[in-house]
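Student: Mind having a look at this structure? Questions to follow.
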Amino acid sequence: MTIAIRDAAAAGYRLSYRLEEIPLRRGKSYDIAVRIESEEGAEAKTIHDVSRDRTEAERLFRAVADGLVTPCTLRDVLEDLL
């Protein structure tokens, strides 16, 4: 289930961010996905199970979207934020 979506534009690129809630046997997990599109093409990256706490997942999502993080740097940025 999608919890949040945010779109942004920067220097000829269109960025899309998604926060997804994934049901587990016990509790929930949260994924963050980033997609970038330009005239040259598109690239996407999803990091699964960034948190099992919704408040923490929302904090990470806001930081990624506010920072205009691209798919190629998503993993490194999330590691720094954790």
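The values are calculated or read from the model by the stated rules, or taken from the named source; none is laboratory data. Bear in mind that the values here come from a model prediction, so they are computed numbers and not experimental data. Virtual Cβ from ideal backbone geometry, glycine too; neighbours counted across all protein chains shown. Heads up: the accessible areas ignore ligands, DNA and RNA and are worked out on the full protein's heavy atoms, side chains in. Shrake-Rupley method; radii C 1.70, N 1.55, O 1.52, S 1.80 Å.
Student: I need the phi-derived Karplus couplings for the range 20-29: 6.51 cos²θ - 1.76 cosθ + 1.60, θ = phi - 60°, integer Hz, Gly and Pro marked x.
Tutor: Once rounded to whole Hz, the list reads 10, 9, 10, x, 10, 4, 10, x, 9, 10.
Student: Another question, if that's okay. Which loop trypsin sites (Lys or Arg not before Pro) in the chain, with loop taken from DSSP, have no more than 15 other Cβ atoms within 10 angstrom of their Cβ?
Tutor: When the trypsin sites (Lys or Arg not before Pro) of the chain are filtered for loop state and at most 15 Cβ neighbours within 10 Å, Arg25, Arg26, Arg52 remain.
Student: Next up: Please give the charge dipole size of the range 5-82, origin at the Cα centre, charges +1 on K and R Cβ atoms and -1 on D and E Cβ atoms. Round to the nearest 20 debye.
Tutor: Taking the Cα centre of the range 5-82 as origin, the dipole is about 420 debye.
Student: Ok, one more. Tell me, what is the per residue accessible area of the chain in Å², probe radius 1.4 Å?
Tutor: 64
Student: Still on this structure, I have one more. How many percent of the accessible area of the chain is carbon or sulfur, using a 1.4 Å probe?
Tutor: Answer for the chain: carbon and sulfur cover 48 percent of the accessible area.
Student: Give a residue-ordered list of calculated ³J(HN,Hα) values for the range 34-45 (Karplus: 6.51 cos²θ - 1.76 cosθ + 1.60, θ = phi - 60°; whole Hz; x for Gly, Pro).
Tutor: With the stated coefficients, the range 34-45 comes to 10, 10, 10, 10, 8, 5, 7, x, 9, 8, 9, 8 Hz.
Student: What are the ³J(HN,Hα) values, in whole Hz, obtained from phi via the Karplus relation 6.51 cos²θ - 1.76 cosθ + 1.60 with θ = phi - 60°, for each residue of the range 3-18 in sequence order, with x given for Gly and Pro?
Tutor: 8, 8, 9, 9, 10, 8, 10, 7, 6, x, 10, 10, 10, 10, 10, 9
Student: With angles folded into 0 to 90 degrees, how steeply does helix 54-66 sit against the dominant principal axis of the chain? Use alpha carbons for both and round to 10.
Tutor: Around 10 degrees separate the two axes.
Student: Here are some values of Rg/Rh (Cα atoms, Kirkwood Rh): (1) 1.30; (2) 0.98; (3) 0.94. Which one was computed from this structure?
Tutor: Entry (2).
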